[in-house]
Every structure is written in C-alpha cells, then in structure tokens.
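Working notes for the structure below.
The values are calculated or read from the model by the stated rules, or taken from the named source; none is laboratory data. Predicted, not measured: the structure shown is a model, and the values here were computed from it. Virtual Cβ from ideal backbone geometry, glycine too; neighbours counted across all protein chains shown.
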Amino acid sequence: MRRFLLQVACVAISLFMAVPIYLIALAAFSSRASLNRFPLPLLPTDFSTETLSGFLGSTGVIPSAINSVMVGLSTVVLALLIGVPAGYALARYAFRGKQPYQLFLLLTRALPIVVLSVPLARIFLTSGLYDTTYAVTLLHTALALPTTVLITSAVFVAVSPEQEEAAQIFGASPLQAFVRIVMPQALPGIAAAAVFTFVMSWNEVLGASILTLNQRTLPAQVLSTLSFSPLAYRFAGGFALVVPALVFIAIMRKYLLNMWGTTLR
Amino acid sequence: MSRIVLRNLVKTYPGGDRRATDDVCLEVAEGEFVVLVGPSGCGKTTLLRMVAGLERPDGGTVHIGDRDVTSVSARDRRVSMVFQSYAIFPHMTVRQNIGFGLAMRGVPRDLVARRVADAAALLDLSDYLDRYPSQLSGGQRQRVAVARAIVVDAGVLLMDEPLSNLDALLRLQFRAELKRIVHQIGTTTLYVTHDQAEAMSLGDRIAVMRDGRIAQIGAPLEVYDRPSDRFVGGFLGAPPMNFFPATVADGPRLSVGSLSFAAPPSLEALAGQQVLVGVRAEKLEVSSTQGDSFQPATVEVVEPTGASVLLTVTFGGHELKVQAPPTFATQPGETVWLRIDPASLRFFDPETSLALEIPQFA
C-alpha cells in the first residue's frame with residue numbers, strides 16, 4: 001500500500017512537471033493557425049517549425065540567447081571558483097567568525113533583488129560595466145554564491161578528513177590529496193551546485209532587466225517584448241527558455257547520481 | 001625498519017586548557033611492537049599523530065631512524081598508518097586502494113601489481129580486488145586498510161584503534177591475525193588502543209597513558225603484575241585490580257577492619273602506617289570451608305563467565321572481586337573463605353597512589 005502511494009506520488013509529481021513542458025512544446029511546434037483552433041488538439045497533429053523559427057527570427061532573440069548561455073556558464077565557473085574553496089574552508093577548518101559568516105551568507109539572499117539592483121545599476125553605471133554581460137554575470141554570481149558555498153561545504157563534510165590524511169601519509173601532497181581523493185567524491189555535489197547555479201542564472205530576469213538595455217539575456221528580452229507579442233511568440237519563447245536548462249541538467253545528470261552505489265548525501 | 005625516538009613531546013590544542021601530551025619521552029626499538037593504551041582523552045592518539053606528521057608538536061622532537069623528522073611533512077616521513085575509520089577511498093577499487101601508496105611513490109606498474117597481489121593474499125582479499133569498498137563488509141574494509149598500510153614497506157607502521165569498529169567476535173579473530181602479520185613483516189609498530197585486553201595481547205611492550213603522560217611502560221605481564229600506581233592497576237585487567245586500605249601491624253601483619261593476615265616480611269619497615277593494598281582477582285584463593293590462614297568474606301554477587309566464576313565479596317568492609325574456579329558453588333549472602341598469598345600483594349601509598357618502594361622483590 002505504501003509502495004503504491006509512493007508510486008502515485010511519483011507519477012503525480014512527474015506529471016506536474018511534464019505536462020506544462022509538453023503543452024508548451026506542443027504549442028511551439030504547431031502552426032500559428034492551429035493555435036487559434038478550439039479545442040486545442042492534445043497530440044501533435046500538424047507539426048510545424050513555423051512558430052519557433054518565427055520566434056528565433058525576431059529581433060534580438062538569438063543574441064540574447066547567446067548572452068544568456070554566456071552569462072550562465074560564466075556564472076557557473078565564477079561561482080565554483082569562489083564557492084568551492086569557501087565551502088572547503090567551511091567544512092574543514094575552525095576559524096574565528098565561522099558561524100556569523102555562515103549566517104551572513106544566507107543573509108545576502110534575504111534582500112530582494114529589486115532593492116539590490118538599483119544601487120548595483122548605479123555602481124555599474126559609474127564603473128562602465130552597465131549594459132554588459134559582465135554586470136549580469138557578477139550579479140548572478142553574487143546571487144548563486146550562498147547556495148554554492150553551502151552545498152559544496154556539505155559535500156566536503158561528507159568526505160572524512162582522515163581520507164585526506166591517509167593520502168598524505170601514503171605520499172600525496174595536500175593538493176594531490178584534494179584532487180585525487182576529495183574531488184572525485186565531491187563531484188556529484190559540485191555538479192548539483194553547478195546545475196542549480198546555471199538554472200538560477202538562466203531564469204533570473206529582474207536583475208538582468210535592470211542592469212542591461214541592449215545586452216539583454218533571453219528572459220529579459222522575452223519579458224520586455226512579452227506584452228506586445230503574439231501568442232505564438234510567447235509559446236515559442238517559453239519553450240526556448242525551458243530547453244537549455246533541461247539540456248544542462250541532462251548533461252549533469254550522471255554526476256548528480258553518486259557513482260559508487262550509494263545515494264547522494 | 002626504523003626505530004622511533006620521541007623526546008619531550010608537548011602538544012596543546014588551540015583552545016585546549018591543558019596539554020594533550022605533556023613532555024612525553026618514548027623509544028620504540030627497531031622491529032618492536034609498542035602499544036599506547038589509556039582512557040579516551042589521555043593523549044595517545046595525539047602522540048601517534050605527531051609521529052605520523054599529522055600534528056605539529058609545540059615542543060620536543062620526533063626521530064624516525066636516525067633522522068629528525070619533527071618538521072618533516074607526513075608524506076616525507078616514510079611511515080604507514082591504519083586509521084580508526086579505515087579511511088579507505090570509496091571511489092577506488094580495492095586494488096587501487098592497496099596500490100595507492102606505491103603509485104604515489106612512482107613504483108613501476110608491474111611491481112605495484114605484484115606487491116598488491118601479495119598483500120591481498122596475505123589478508124585474504126584476493127577475490128575482492130576489483131570491488132569497491134561499499135561492496136565489502138566492515139571486516140573486509142579493515143583488511144583493505146591494513147593491506148594498504150603494509151604494502152608500502154615503510155619503516156614504521158602506525159595504527160590508531162584499527163579494531164575498534166569491528167564487532168566483538170571479529171575483533172578477537174582479527175587481533176590474532178594482525179599479530180601474526182605484523183610479526184611476519186617485522187615492522188616497527190606503534191599501536192593505539194583504549195582496550196586493555198588488546199594492548200596486553202598485542203604489545204611487546206605497552207605504555208599506559210594518562211592525562212598526557214606515560215604512567216608506566218613495560219612488558220605486558222610486568223605492567224599487569226607490578227603496576228606503578230593505582231591507576232595502571234585499575235586500568236589493566238578485567239576485572240581490574242582490587243584495592244583496599246590496610247594498616248601494617250607488627251609481625252608484620254595487615255589489619256583490614258577486624259581481620260588480620262600475614263604480610264610480606266619486607267613490610268616490617270612500615271609498621272604502624274596505612275597502606276593501600278592491591279591484589280588481582282585471580283590471585284585470591286577461595287574456599288567454601290574454613291582452613292588455616294583463611295579469612296572470611298561475604299558473597300554479594302555471583303557471575304559465572306564460563307571459564308570461571310566471578311565473585312563480588314565483602315572483605316573486612318571492602319568490596320573485592322574474586323575469580324573462583326568454574327565449578328565453585330556459592331550464593332549471595334553465604335560466607336566464603338579467602339587465602340591471601342603475601343607474595344601476590346602490591347602496596348601503594350594511600351596519599352599519592354604510587355607503588356611503594358619496598359625491597360620485597362629483591
């Protein structure tokens with residue numbers, strides 16, 4: 001009985017996620033004409049790339065999509081470069097102010113982006129970074145760092161320090177011990193942090209809208225044109241926004257599952 | 001093989017209010033098996049970690065062989081270690097785990113393969129070389145940790161409570177096996193445990209530690225038989241040594257409550273003084289009938305252990321543990337008779353708890 005309920009729950013949750021994606025995909029691959037039909041067919045009866053190619057052909061969509069990918073990947077790299085060492089330090093070392101530091105990390109998320117964005121826009125305007133992908137990358141990195149640090153520190157805590165010590169006893173330098181012993185075990189968690197960061201950056205729209213005018217990311221671009229665009233454009237835009245995140249998660253999927261038979265801690 | 005010489009090692013952990021090791025000196029001869037034993041927090045693991053190079057001493061020196069390694073990093077000390085948590089690498093196969101030390105030292109591949117195979121054979125792991133640690137039992141993981149440590153052929157083997165995570169039966173089995181293996185490879189070994197039985201059974205010498213100092217060091221039976229203070233006598237042995245205060249009377253005799261029995265002649269010099277008497281449970285002869293020089297005691301608890309019967313008795317107002325033969329029949333409340341061989345008695349200063357220097361063994 002419990003097993004049955006569990007499976008029902010799994011199916012329900014899967015449907016909850018999958019049905020909207022399916023409907024958006026369906027609409028994105030239907031012709032403009034069929035979108036106005038009623039009732040809408042639930043199976044792809046007239047497959048057409050007209051809607052999607054129309055969307056991709058509209059002004060600013062391709063450049064903003066490239067911007068989004070660039071910002072997303074740069075944010076992942078930057079957040080990991082800063083966040084992984086910080087997470088390691090939090091996991092391994094006792095230092096003065098460790099508790100307040102952890103609290104402070106979370107506190108940065110307590111401020112709404114709207115509040116942060118205006119002063120940020122001012123700073124970026126004076127420093128010449130305004131309306132560049134760097135500005136958006138920096139903002140997204142700042143937004144992603146707390147979770148990156150907390151996720152990776154939880155991952156490093158799970159690898160016992162004795163393993164690193166053992167590696168050193170048996171001839172590894174501290175760096176070798178980290179690369180050969182800790183990193184392979186931490187990869188699933190780091191991948192999770194990367195996925196989280198990329199999806200966050202890909203979806204973030206408010207900060208990106210405020211900090212850019214011409215160098216829009218895709219969500220900011222879609223948002224700014226949403227209100228006066230046709231229905232087909234909206235569906236195609238929605239689909240284009242969902243797909244890259246799904247692809248990224250699919251690529252990272254194998255790192256998300258622990259490779260040695262135990263589940264991700 | 002190398003000897004280990006520790007001189008005046010002092011270590012205080014940051015934030016600690018007392019020294020983890022307090023001016024410890026210790027020499028482990030080439031090929032010797034020395035066990036550090038003591039209650040938790042006595043500094044035994046800290047001492048081991050300073051030998052390993054995982055902890056820097058605040059003062060003192062560590063020599064391995066003829067080399068001062070006090071400021072040498074762990075990887076350059078040529079030591080090998082078995083950790084309490086095993087610390088084997090979960091993302092590597094048993095083969096990779098055992099060969100890790102050799103691979104890191106740049107030993108050629110074919111030689112690594114051969115030595116890994118030898119070590120695996122020695123520890124019954126040959127069939128598991130391609131498995132991951134998560135597919136092994138606790139005992140097998142422990143074997144991997146030991147194989148990884150002995151395969152590198154280091155001059156010094158360090159073991160930090162390697163058996164403490166095994167269940168009781170497995171621990172007993174592996175203890176004997178470990179002794180055989182270490183004897184076979186003949187490495188200088190420093191072994192940490194809180195289990196006195198393990199210490200007694202494994203060590204060429206055992207060092208009993210307390211509060212960051214070595215309370216006594218010597219051959220297991222010597223330390224067991226002649227503890228240097230009350231703590232050592234109470235720590236080693238199950239049951240621990242019995243202690244009771246007594247007054248030395250002329251004769252010399254010892255008075256405990258209303259009882260009086262013969263003392264070794266050398267105690268004459270302490271006539272009229274209070275002493276703390278120590279005696280092992282198995283040194284007390286017990287009888288159900290009164291005889292010459294037998295003293296009465298009241299049985300409180302009877303615990304049959306199979307090999308013997310452990311009695312808790314009241315003797316002159318003090319509780320004693322007595323080891324009786326397995327066939328000895330008695331019940332709580334009954335009176336039994338104890339004969340105390342004067343030669344089996346040990347004497348301690350009631351103030352300092354230190355063993356009294358009495359020329360009784362001359």
For the stretch A:187-265, which fully contained helices (runs of 4 or more DSSP H) count at least 3 residues that are out of contact with any helix residue (DSSP H, G or I) (no Cβ under 8 Å at 6 or more places or on another chain) and either closer than 30 Å to A:THR152 by Cβ or modelled with pLDDT of 85 or more (or both)?
A:231-256
If B:ASP225 meets every condition in (1) farther than 15 Å from B:GLU319 by Cβ; (2) in the same structural domain as B:ALA324 (by TED's automatic domain parsing) apart from one, which number is that one?
(2)
Taking the stated definitions as given, is A:PRO174 within 27 Å of B:VAL79 (Cβ to Cβ), within 7 Å of chain B (Cβ to nearest Cβ) and surrounded by fewer than 17 Cβ atoms within 10 Å (Cβ to Cβ)?
no
Quick check: anything in the stretch B:274-287 over 21 Å from B:PRO350 (Cβ atoms), touching a residue at least 40 places away in the same chain (Cβ under 8 Å) and touching an Asp or Glu at 6+ places or on another chain (Cβ under 8 Å)?
yes
Do we have any residue at all in the stretch B:298-314 that's under 30 Å from the mean Cα position of the chain (by Cα), in contact (Cβ under 8 Å) with a residue 40 or more places away in the chain, in a strand (DSSP E or B) and closer than 20 Å to B:PRO245 by Cα?
no
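When you go through B:ALA246, B:ALA199, B:ALA219, B:ALA215 one by one, which is the residue that is more than 26 Å from B:PHE294 (Cα to Cα) and out of contact with any helix residue (DSSP H, G or I) (no Cβ under 9 Å at 6 or more places or on another chain)?
None of the others qualify; the one that does is B:ALA219.
For B:GLY251, state whether it is at positive phi and either β-branched (Val, Ile, Thr) or crowded, with 16+ Cβ neighbours inside 10 Å (or both).
So B:GLY251 does not fit the description; no.
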For the subset of the stretch B:62-117 comprising residues that are within 31 Å of the chain's Cα centre (by Cα) and charged (D, E, K, R), which member is nearest to the other protein chains (Cβ to nearest Cβ)?
B:ARG75
Yes or no: A:ILE169 within 13 Å of chain B (Cβ to nearest Cβ), without any contact (Cβ under 8 Å) to a residue 24 or more places away in the chain and in contact with a strand residue (DSSP E or B) (Cβ under 8 Å, 6 or more places away or on another chain)?
yes
When you go through (1) surrounded by fewer than 21 Cβ atoms within 10 Å (Cβ to Cβ); (2) touching a helix residue (DSSP H, G or I) at 6+ places or on another chain (Cβ under 7 Å); (3) at the interface with chain B (Cβ under 10 Å from one of its Cβ atoms) one by one for A:THR147, which number turns out not to apply?
(3)
Cβ-Cβ under 8 Å pairs, at least 6 apart or on other chains, the stretch B:64-76 side surrounded by fewer than 20 Cβ atoms within 10 Å (Cβ to Cβ), far side among the hydrophobic types (A, V, I, L, M, F, W, C) and assigned to a loop (DSSP other than H, G, I, E, B):
B:ASP76/B:VAL69
Check on B:ALA219, in the same structural domain as B:VAL62 (by TED's automatic domain parsing) and modelled with pLDDT of 95 or more:
yes
Tell me which of these B:ALA87 doesn't satisfy, since it passes every other one: (1) at negative phi; (2) among the hydrophobic types (A, V, I, L, M, F, W, C); (3) crowded, with 19+ Cβ neighbours inside 10 Å.
(1)
As an exercise: evaluate B:ARG339 against (1) crowded, with 17+ Cβ neighbours inside 10 Å; (2) under 32 Å from the mean Cα position of the chain (by Cα); (3) closer than 25 Å to B:ALA238 by Cβ; (4) in contact (Cβ under 8 Å) with a residue 24 or more places away in the chain and give the number of the one condition it does not meet.
(1)
For B:LEU36, are the conditions met, namely being away from every other protein chain (no Cβ under 12 Å), under 20 Å from the mean Cα position of the chain (by Cα) and under 24 Å from B:ARG141 (Cβ atoms)?
yes
Given the criterion modelled with pLDDT under 95 and more than 21 Å from B:ARG7 (Cα to Cα), identify the matching residue among B:VAL94, B:VAL107, B:VAL116, B:VAL79.
B:VAL107
Yes/no for B:LEU190 being of a type in the set (A, V, I, L, M), touching a Pro at 6+ places or on another chain (Cβ under 9 Å), assigned by TED's automatic domain parsing to the domain that holds B:ALA87 and under 28 Å from B:VAL5 (Cβ atoms)
no
Out of the helices (runs of 4 or more DSSP H) lying entirely within the stretch A:1-62, which hold 1 or more residues that are at pLDDT 80 or above?
A:2-28, A:50-57
Considering residues of the stretch B:1-47 that are assigned to a strand (DSSP E or B) and basic (Lys, Arg) only, the residue farthest from B:VAL151 (Cα to Cα):
B:LYS11
Condition first: surrounded by fewer than 11 Cβ atoms within 10 Å (Cβ to Cβ) and at pLDDT 85 or above. Can you find one or more residues in the stretch A:82-93 that meet it?
yes
Does the stretch A:118-130 include one or more residues that are part of a helix (DSSP H, G or I), surrounded by fewer than 20 Cβ atoms within 10 Å (Cβ to Cβ), out of contact with any Phe, Trp or Tyr (no Cβ under 9 Å at 6 or more places or on another chain) and within 14 Å of chain B (Cβ to nearest Cβ)?
no
Collect the residues in the stretch B:143-169 that are outside any loop (DSSP other than H, G, I, E, B) and over 20 Å from the mean Cα position of the chain (by Cα), keeping them in residue-number order.
B:ARG143, B:VAL144, B:ALA145, B:ALA147, B:ARG148, B:ALA149, B:ILE150, B:VAL151
A:GLU204 is checked against (1) surrounded by fewer than 21 Cβ atoms within 10 Å (Cβ to Cβ); (2) charged (D, E, K, R); (3) away from every other protein chain (no Cβ under 14 Å) and fails just one. What number does that condition carry?
(1)
